[in-house]
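A.B. asks: The structure is given below, and queries will be raised subsequently.
The values are calculated or read from the model by the stated rules, or taken from the named source; none is laboratory data. These numbers come from a predicted model, not from an experiment. All Cβ positions, glycine included, derive from the backbone under ideal geometry; neighbour counts span all protein chains shown.
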Amino acid sequence: MRYRNFPMVPRIIFGRGSFNQLGEIIEPKRTHKDSPFIFIVDDVFKDNKWLTSRIPLKNNDKILFVSAEDEPKTKYVDQYRDEIVAEFEQLPSGIIGIGGGTMLDYAKAIALMLTNPGSSSDYQGWDLVKNQGVYHVGIPTISGTGAEVSRTTVLTGPEKKLGMNSDYTPFDQVVLDPELTKGVPDNQWFYTGMDCYIHCIESLDGTYLNTFSESYGEKSLELCRNVFLEKDVRDEESQDKLMMASWHGGMSIAYSQVGVAHAMSYGLGYLLGTKHGVGNCIVFNQLEEFYPEGVAEFKTMVNKHQVEIPEGVCKNLNDKQFDIMIDVALGLVPLWENALGKDWQKTITKDKLRSLYEKM
Ligand SMILES: [Fe+2]
C-alpha cells in the first residue's frame, strides 16, 4: 500500500468579523511596494459597501469584480492572468478570492497560472502543475463547496470539466468569517449546502473510505443535519455550523473522493453550464439506487425548505449531447472507483448513464 502525502491549508482564521483582520494578515506577504494584491471578488458585492469598504487596499492593489454567473472556465483564467501580467510590472504579491466556490477556484487557478506557462487547460488533471503559484488566500462568502480546503480548482476547459489537482493548489491562508454568508439567497444557500451534504454521503459510502475521511465526514454530516433538518431558521449559529460543515466535508473528500453525483454533475455542468450546487441536487435526486438513505434524507430536506429542484433539464437533448455528458462523466475514473469499486465498469455503461440522465 502506498499512501498519499497531502498538503494542507497552513493558516486559517475563524470567527465572526475575522475578515476585519485581513489587512494585518496579508501585509507581511507583500513582496515589493509595486507588487499588488489582487482581490478576485464576486460581482454581487460590487455595491455592497459593508464588504468592499473592508477590503484592505494599499499602493496599487486592485479589486477585480468577477461574475459567478458561469462556472469557472480555463479561458477566463488565462484571460485574467494575461490582463494582470500586462497591467503590472511586478508579479502580484498575492491573489485573494472573496466569494463562493467559483471565486475561490478562480483565485487558486490564477495564482498558479502566474507562475506556470501556457494555458490553464494544459493543467487539468492530477499533478500536472510544475511550479508553486503566488501566495493565495481564500475567503468564502457561501458555505458548502469545500473549495476553501481542497487541493483542486475545478475548471471547464475546451475538452473537459476537470480540476487542476496539485500540491500547489491549496490556499496559503483561509479566512472563515461566517458573517460573510448572511446575505446568500435561500435557494443558493440550500444548493451549496447540499454540495457539502453530498460530499459527506459520497465519501462515507465510498470504497476509498478510511478513518481519516470518516472522522471528518461524520462531523460534517452531523452539522449538515443540524442546519438543514433540526433548525428552522438561518441564524448565526447555523452560519457558523455550515461554514465548518463545508470545511470538514472538504477534509473528508480530500483523503477519499466524491462519487456518482459529482461525476454526473460534471457532465451536466460541461454541456449545459449547470452550476455545481444545483447540478448536484438535480443528479442526486435520481440516485436512490446508489445512495438510498442519503437520497431519502435529501428529499426530506428539500421538502422542509420548500426548495425547487429543477427537473426535465435533459428533456430536449439529442444523442450527441447525451454522449458528450456521458463521456465527461465516464472520464472521472477515481470518482466511479470510489463509488463502486474497481469493477465499476461492469455496472456503469453508457446505456446506464443515458437512462439516468434521461430522468433528470
Ligand atoms: Fe462538490
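A.B. asks: More than 20 Å from P10 (Cα to Cα) and assigned to a loop (DSSP other than H, G, I, E, B), is that true of T115?
C.D. replies: Judged against the criteria, T115 is a match.
A.B. asks: On to the next question. Taking the condition of being closer than 12 Å to T169 by Cα and among the small types (G, A, S), how many residues in the range 90-115 meet it?
C.D. replies: Residues that pass the stated criteria total 3.
A.B. asks: Would you tally the residues in the range 301-330 being surrounded by 10 or more Cβ atoms within 10 Å (Cβ to Cβ) and polar (S, T, N, Q)? First the steps, then the outcome.
C.D. replies: Here is the first cut: in the range 301-330, the ones surrounded by 10 or more Cβ atoms within 10 Å (Cβ to Cβ) are 301-302, 304-305, 307-311, 313-314, 317, 321-330.
Imposing the further condition that a residue be polar (S, T, N, Q) reduces the set to 321.
Number satisfying all stated conditions: 1.
A.B. asks: Any residue at all in the range 131-140 that is crowded, with 24+ Cβ neighbours inside 10 Å and aliphatic (A, V, I, L, M)?
C.D. replies: There is at least one residue in the range 131-140 that is crowded, with 24+ Cβ neighbours inside 10 Å and aliphatic (A, V, I, L, M).
A.B. asks: Can you tell me how many residues in the range 34-50 are surrounded by fewer than 17 Cβ atoms within 10 Å (Cβ to Cβ) and either of a type in the set (V, I, T) or under 16 Å from I84 (Cα atoms) (or both)? Walk me through how you get there before you give the answer.
C.D. replies: First, the residues of the range 34-50 that are surrounded by fewer than 17 Cβ atoms within 10 Å (Cβ to Cβ): 34, 43, 46-50.
Among the residues that remain, those that are also either of a type in the set (V, I, T) or under 16 Å from I84 (Cα atoms) (or both) are: 34.
Residues in the range 34-50 being surrounded by fewer than 17 Cβ atoms within 10 Å (Cβ to Cβ) and either of a type in the set (V, I, T) or under 16 Å from I84 (Cα atoms) (or both): 1 in total.
A.B. asks: Quick check on the range 244-264. Is at least one of its residues away from the ligand (no atom under 14 Å from the Cβ) and more than 30 Å from N5 (Cα to Cα)? Steps first, answer last, please.
C.D. replies: Taking the range 244-264 as the starting set, the residues that turn out to be away from the ligand (no atom under 14 Å from the Cβ) are 244, 255.
From the residues that got through so far, the ones that are more than 30 Å from N5 (Cα to Cα) too are none.
The answer is no; no qualifying residue exists.
A.B. asks: If I ask for residues that are in contact (Cβ under 8 Å) with a residue 40 or more places away in the chain and either at negative phi or in the same structural domain as E237 (by TED's automatic domain parsing) (or both), which ones from the range 5-20 would you list? Lay out the reasoning, then the answer.
C.D. replies: So in the range 5-20, the residues in contact (Cβ under 8 Å) with a residue 40 or more places away in the chain come out as 6-19.
Of everything in the range 5-20, those that are in contact (Cβ under 8 Å) with a residue 40 or more places away in the chain and either at negative phi or in the same structural domain as E237 (by TED's automatic domain parsing) (or both) turn out to be F6, P7, M8, V9, P10, R11, I12, I13, F14, R16, S18, F19.
A.B. asks: While we're looking at this one, here's another question. Does the range 27-52 hold any residues that are touching a strand residue (DSSP E or B) at 6+ places or on another chain (Cβ under 6 Å) and either without any contact (Cβ under 8 Å) to a residue 60 or more places away in the chain or within 19 Å of E148 (Cα to Cα) (or both), and which are they?
C.D. replies: So the first thing to find is which residues in the range 27-52 are touching a strand residue (DSSP E or B) at 6+ places or on another chain (Cβ under 6 Å), and the list is 29, 36-43, 46.
Scanning the range 27-52 gives P36, F37, I38, F39, I40, V41, D42, D43, K46.
A.B. asks: Quick one: is S67 within 24 Å of L162 (Cβ to Cβ), in contact with a helix residue (DSSP H, G or I) (Cβ under 9 Å, 6 or more places away or on another chain), surrounded by fewer than 17 Cβ atoms within 10 Å (Cβ to Cβ) and touching a residue at least 40 places away in the same chain (Cβ under 8 Å)? Before you say what the answer is, go through the steps one by one.
C.D. replies: Numbers: within 24 Å of L162 (Cβ to Cβ): yes; in contact with a helix residue (DSSP H, G or I) (Cβ under 9 Å, 6 or more places away or on another chain): yes; surrounded by fewer than 17 Cβ atoms within 10 Å (Cβ to Cβ): yes; touching a residue at least 40 places away in the same chain (Cβ under 8 Å): no.
No.
A.B. asks: Then there is this: Which numbered condition trips up K108, out of (1) under 16 Å from G269 (Cβ atoms); (2) surrounded by 24 or more Cβ atoms within 10 Å (Cβ to Cβ); (3) among the basic types (K, R)?
C.D. replies: Unmet for K108, out of (1) under 16 Å from G269 (Cβ atoms); (2) surrounded by 24 or more Cβ atoms within 10 Å (Cβ to Cβ); (3) among the basic types (K, R): (1).
A.B. asks: Then there is this: Can you tell me which residue among G138, G146, G118 is closer than 19 Å to H248 by Cβ, out of contact with any strand residue (DSSP E or B) (no Cβ under 8 Å at 6 or more places or on another chain) and outside the structural domain of A261 (by TED's automatic domain parsing)? Full working, then the answer.
C.D. replies: On the way: G138 fails: out of contact with any strand residue (DSSP E or B) (no Cβ under 8 Å at 6 or more places or on another chain); G118 fails: closer than 19 Å to H248 by Cβ.
Answer to the selection: G146.
A.B. asks: Are any residues in the range 233-276 β-branched (V, I, T) and assigned to a helix (DSSP H, G or I), and if so, which ones?
C.D. replies: So in the range 233-276, the residues β-branched (V, I, T) come out as 233, 253, 258, 260, 274.
Listed by number, the residues that qualify are I253, V260.
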